[in-house]
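Only one structure is covered here, and it is reproduced in the block below.
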Amino acid sequence: MKKRLLIANRSEIAIRIIRSAHKLGMLAVVFQSDREPDALYLKYADEIIPARDMNNEKSIFLDPERIVNLALEHNIDLLHPGYGFLSENPDFAQLCVDNGINFIGPSPALIRDMGLKTVAKSMAIKAGLPLVPGSDGPVKDAAAAKEYADKIGYPVILKASAGGGGRGMRIVEKADTIERNFKSASDEALAAFGNGDMFIEKYLQNPKHLEFQIMGDKHGHVIHLGERECSLQRKHQKIMEEAPSASVTPEMRAEMGEMAIRFAKSIGYYSAGTIEFIMDEDGSYFFMEMNTRIQVEHPVTEMITGVDLVDWQIKVALGEVLSVKQEDIKINGWAIEIRVNTEDPQNRFSPQTGFIDKIHFPKRDYIRIETGIQSGSVVTPYFDSMISKIIVHGTDRKDVIQKTLDALYEFSLVGLKTTVPFCRAVLQHPDFIDATYTTRWVDSVFTPDMLENEDDEMIGALAATILYASEYLQLSSDLPTYKQDALNVWVLNKRLNY
């Protein structure tokens with residue numbers, strides 16, 4: 001009988017996992033949330049379990065006990081959490097294990113240890129990885145944090161020991177603000193993670209964020225698949241990624257990759273994971289944390305290595321030996337991932353909700369689209385604002401930048417604002433072209449007027465007129481080029497020289 005794999009997630013990552021499940025001959029089972037009853041991912045599943053969660057305080061994807069109970073009712077063999085809340089919840093992983101469900105990911109103990117950044121740091125020290133100067137473990141209160149800050153010098157950063165996604169983090173520039181920042185960060189961490197413990201580090205003011213993708217099996221084999229640069233962030237959350245990084249030389253890649261493997265082996269790690277590093281302006285780098293799950297940005301690594309990370313996650317969970325060896329990993333070209341979020345970049349990236357009237361994705365053999373929406377979809381306030389990812393492969397960095405820019409000119413969405421205009425502006429900015437951008441770029445360089453165009457209103461009206469003519473008056477045969485471009489006011493802007 002075919003194994004039954006339950007995907008305890010939604011949107012594009014659910015479709016991505018369904019694809020791997022089918023490739024490996026498994027039945028893909030998903031939940032249908034009442035908060036999103038017509039979601040696109042439901043069309044790809046072999047079986048749908050109604051969640052009936054509309055009257056519940058939280059959606060099915062935030063309810064571990066109900067997920068496991070439904071999994072048992074439906075004879076589930078394996079469970080993939082995707083990324084996000086459930087993938088980093090050791091209690092959920094343990095609940096799966098205790099009930100005989102094969103959790104696709106590392107052991108609950110490793111999820112717990114790596115989720116506590118102070119524990120992860122102590123393990124990294126034992127493995128010989130360099131760390132940013134700071135506290136060895138949690139600091140008990142603001143006074144203790146101030147003592148550390150006085151020793152290592154300002155600015156410092158307070159981080160939640162159990163944190164992630166930018167929550168429970170505060171940058172402290174001066175001693176007289178540390179008490180206030182400590183309390184607010186700790187309160188935020190307690191509310192978000194149920195753990196208000198804080199630690200402190202020296203704040204690197206213009207760093208790069210690098211992460212090494214690893215894959216290990218249950219037989220002690222671990223490989224790395226090179227690095228990704230994830231420095232373009234807003235609110236401590238990534239918005240564009242590229243692989244490899246222009247800041248990493250082949251010698252550094254070998255050195256950092258060896259560190260990542262050594263660390264993973266030292267803790268007995270298996271499944272997909274990432275070892276995160278932060279790089280200072282002088283090129284020195286430090287271990288930051290480990291993520292014990294598949295990352296949103298995993299496609300750029302797949303594009304340049306040809307290794308299917310989700311396939312291997314599932315195979316490893318089933319006990320297979322990792323047949324891909326380190327010498328098999330070759331970096332082929334360059335890849336960039338654009339996260340398409342329904343946010344307004346000109347208004348502090350505030351989320352947008354509502355109907356997507358029309359969406360058009362670029363189609364090229366070097367472009368990969370991962371999405372959970374289509375024309376007519378509704379973006380609700382219940383879930384994350386990321387609706388799709390556009391991943392582009394090129395022969396080198398210059399080539400992929402141009403190809404990605406062309407792809408974004410072809411993309412269009414009518415109905416909501418997105419981060420695509422922001423990403424177009426980034427791709428053309430000298431700091432990105434020169435690969436000198438850092439995690440502070442959005443805060444220190446980006447301004448909303450970078451996206452302004454005085455003819456936007458006129459071009460938008462023209463686009464709407466052409467769209468109406470081509471689709472509703474059935475004149476598409478007379479307007480073959482403009483019909484495609486009508487959905488994209490930026491292409492019209494370019495074509496008509498406005």
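List every residue whose amide H lies under 5 Å from the amide H of residue 49, counting only residues 5 or more places away in sequence or on a different chain, with H placed 1.01 Å from N in the peptide plane.
30, 31, 32
Would you work out if the stretch 304-437 is rounded, prolate or oblate? Take a ≥ b ≥ c from the square roots of the eigenvalues of the alpha-carbon gyration tensor; rounded if a/c is under 1.5, else prolate when a/b is larger than b/c, oblate otherwise.
Oblate is the answer for the stretch 304-437, as a/c is 1.5 or above yet b/c matches or exceeds a/b.
Given a cut-off of under 8 Å on Cα pairs at least six residues apart, what relative contact order in percent is computed for the stretch 1-85?
Once divided by the residue count of the stretch 1-85, the mean separation gives 39 percent.
From Cα pairs below 8 angstrom and at least 6 apart in sequence, can you work out the relative contact order of the chain, rounded to a whole percent?
12 percent
May I ask for the net charge around residue 201, where only other residues with Cβ less than 10 Å from the Cβ of residue 201 are counted and Lys, Arg are +1 while Asp, Glu are -1?
With Lys, Arg at +1 and Asp, Glu at -1, the neighbours total +4.
Per residue of the stretch 73-88, what does 6.51 cos²θ - 1.76 cosθ + 1.60 with θ = phi - 60° give for ³J(HN,Hα)? Whole Hz please, x for Gly and Pro, Karplus curve as stated.
Each residue's phi maps through the Karplus curve to give 4, 9, 6, 7, 8, 10, 10, 10, x, x, 10, x, 3, 5, 5, 10 Hz.
Going by how many other beta carbons lie within 10 Å of each one, how would you line up 434, 113, 46, fewest first?
Starting with the residue having the fewest Cβ neighbours, the order is 434, 46, 113.
Among residues other than residue 72 whose Cβ falls under 13 Å from its Cβ, what is the net charge (Lys/Arg +1, Asp/Glu -1)?
My count for the surroundings of residue 72 gives -2.
According to the square roots a ≥ b ≥ c of the eigenvalues of the Cα gyration tensor, what is the shape class of the stretch 214-322, taking rounded for a/c under 1.5, prolate for a/b larger than b/c otherwise, and oblate for the remainder?
It is prolate, given that a/c is not under 1.5 and a/b is the larger ratio.
Which value, to two decimals, describes the C-alpha radius of gyration of the stretch 4-104 once divided by 2.2 N^0.38 Å?
0.97
For semi-axes √(5λ) of the Cα gyration tensor in Å, which listed value, (i) 64, 29, 20; (ii) 36, 29, 23; (iii) 45, 32, 23, comes from the coordinates shown?
(ii)
Normalised by the number of residues in the stretch 177-270, what is the relative contact order in percent for Cα pairs under 8 Å and 6+ residues apart?
For the stretch 177-270, the relative contact order is 23 percent.
Near residue 9, within a Cβ-to-Cβ distance under 15 Å, what is the net charge of the other residues, with Lys and Arg +1 and Asp and Glu -1?
Result for the neighbourhood of residue 9: +1.
Can you compute the helix-only [θ] at 222 nm over the chain? Use -39500 (n - 2.57) per DSSP H run of at least 4 residues, normalise by all residues, nearest 500 deg cm²/dmol.
It comes out at -10000 deg cm²/dmol, rounded to the nearest 500.
Could you give each residue of the stretch 428-434 its phi-based ³J(HN,Hα) in whole Hz, using Karplus coefficients 6.51, -1.76, 1.60 with θ = phi - 60°, and x for Gly or Pro?
Whole-Hz 3J(HN,Hα) from phi for the stretch 428-434: 9, 7, x, 5, 6, 4, 7.
Placing unit charges on C-beta atoms (Lys and Arg positive, Asp and Glu negative, everything else neutral), compute the dipole magnitude of the chain about its Cα centre in debye, rounded to 20.
For this selection, approximately 740 debye.
What list do you get for 359, 331 if you sort them by fewest beta carbons within 10 Å?
With the fewest neighbours first, 359, 331 line up as 331, 359.
Starting from the Cα gyration tensor of the stretch 208-449, take the square roots of the eigenvalues, sort them a ≥ b ≥ c, and report rounded, prolate or oblate (rounded when a/c is under 1.5, otherwise prolate if a/b is larger than b/c, else oblate).
Judged from the Cα gyration tensor, the stretch 208-449 comes out prolate (a/c at least 1.5, a/b above b/c).
Along the three principal axes, how long is the stretch 132-191 when you take its alpha carbons, biggest first, rounded to the nearest angstrom?
Principal extents (largest minus smallest coordinate, Cα): 29, 22, 19 Å.
Convert each backbone phi in the stretch 393-406 into a coupling constant with the Karplus relation 6.51 cos²θ - 1.76 cosθ + 1.60 (shift: θ = phi - 60°), then list the ³J(HN,Hα) values in order as whole Hz, x for Gly and Pro.
Each residue's phi maps through the Karplus curve to give 10, x, 6, 8, 5, 4, 5, 6, 4, 5, 5, 5, 4, 4 Hz.
Going down the list 23/126; 121/330; 23/403; 151/389; 117/417, which pairs span over 32 Å between their C-alpha atoms?
Table pairs above 32 Å Cα-Cα are 23/126; 151/389; 117/417.
Averaged over every viewing direction, what's the projected area of the C-alpha convex hull for the stretch 364-455? Give it in nm², one decimal, please.
7.7 nm²
If each residue's Cβ is checked for other Cβ atoms within 10 Å, how do 79, 451, 95, 6 rank with the fewest at the top?
451, 95, 79, 6
Taken together, the values in this text are just the output of simple stated rules run on the coordinates, not laboratory data. The model shown is predicted, which means the values in this text are computed figures rather than measured ones. Quick reminder, even Gly has a Cβ in these numbers, built from the backbone with ideal geometry, and neighbours come from all protein chains shown.
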